[in-house]
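Read through the structure below, which is laid out as structure tokens, and then see the notes.
Since every read-out is calculated from the coordinates, none of them should be taken as a lab result. Every value quoted in this text rests on a predicted model; they were computed, and no experiment measured them. Every residue, glycine among them, receives a Cβ derived from its backbone with ideal geometry; neighbour counts consider all protein chains shown.
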Amino acid sequence: MADALEQLEAEVTRCRRCPRLVAWREEVAEVRRRAFIDQVYWGRPVPGFGDPAARILVLGLAPAAHGGNRTGRIFTGDRSGDWLFAALWRAGLANQPTSVARDDGLRLSDCWVTAAVRCAPPANRPRPQERDNCAAWLRSELSLLARVRVIVCLGSFAWDAAGRLLELPRPRPRFGHGVEDVVAEGAGGREVTLLGSYHVSQQNTFTGRLTEPMLDAVFHRARELAGA
């Protein structure tokens with residue numbers, strides 16, 4: 001499984017399917033933000049990472065232009081990641097509460113973190129075709145992560161992407177914080193629970209729409225659903 005995930009990572013990081021996203025991620029990597037002007041940006045699609053035996057998958061929207069697009073690891077090097085990995089650490093799913101670089105020693109246990117779109121999009125808004133172009137990567141990832149039983153969807157974009165991937169019946173359940181939906185995935189009928197959470201964006205965390213106790217409750221529930 002680990003070898004297959006490494007092969008998938010190699011394929012993801014070479015992807016150039018979306019001209020607009022390719023141009024943007026590479027422009028950001030060349031121009032850079034003043035705070036990171038002396039750093040070499042990743043500037044490529046960002047793969048998922050974590051425990052290959054994970055029962056919990058955390059699904060975000062896309063890498064941040066100066067976060068994952070800079071560091072090469074999803075939710076790494078930005079304030080959204082500060083919130084997410086601190087919560088994973090409190091839940092016993094990470095060995096440390098911070099995520100700043102690919103070589104910072106972070107290890108996840110029973111958890112895999114990934115995104116619906118693998119390249120940083122302008123204004124953090126992927127187009128529908130870009131979302132659909134990335135769906136094959138998520139489908140392959142989920143098929144290799146055979147023990148996943150819970151997908152924590154950070155925001156409505158991730159909720160909709162997971163629903164499309166798993167072909168939820170219409171009308172699909174509406175996204176909401178703490179909303180759950182159980183679906184059968186794949187020919188084997190594996191049961192997977194979608195669990196909604198408000199995104200760990202600064203817009204949500206700064207305004208109090210998402211609080212640490214709210215996020216902790218989501219991951220406590222995810223562990224319950226996964227049997228952890």
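Brief remarks follow.
- Flag if L165 is part of a helix (DSSP H, G or I), in contact with a strand residue (DSSP E or B) (Cβ under 8 Å, 6 or more places away or on another chain) and more than 20 Å from V200 (Cα to Cα): no
- Meets criteria (touching an Asp or Glu at 6+ places or on another chain (Cβ under 7 Å), crowded, with 19+ Cβ neighbours inside 10 Å, among the small types (G, A, S) and farther than 14 Å from L154 by Cα) for G72: no
- Look at (1) within 24 Å of R131 (Cα to Cα); (2) in contact with a Pro (Cβ under 7 Å, 6 or more places away or on another chain); (3) surrounded by fewer than 24 Cβ atoms within 10 Å (Cβ to Cβ) and you find that E26 fails only one, number (2).
- Count of segment 47-72 residues, restricted to those that are within 10 Å of the chain's Cα centre (by Cα) and outside any strand (DSSP E or B), is 5.
- Of residues in segment 100-119 being in a loop (DSSP other than H, G, I, E, B) and under 12 Å from the mean Cα position of the chain (by Cα), the one surrounded by the fewest Cβ atoms within 10 Å (Cβ to Cβ): A116
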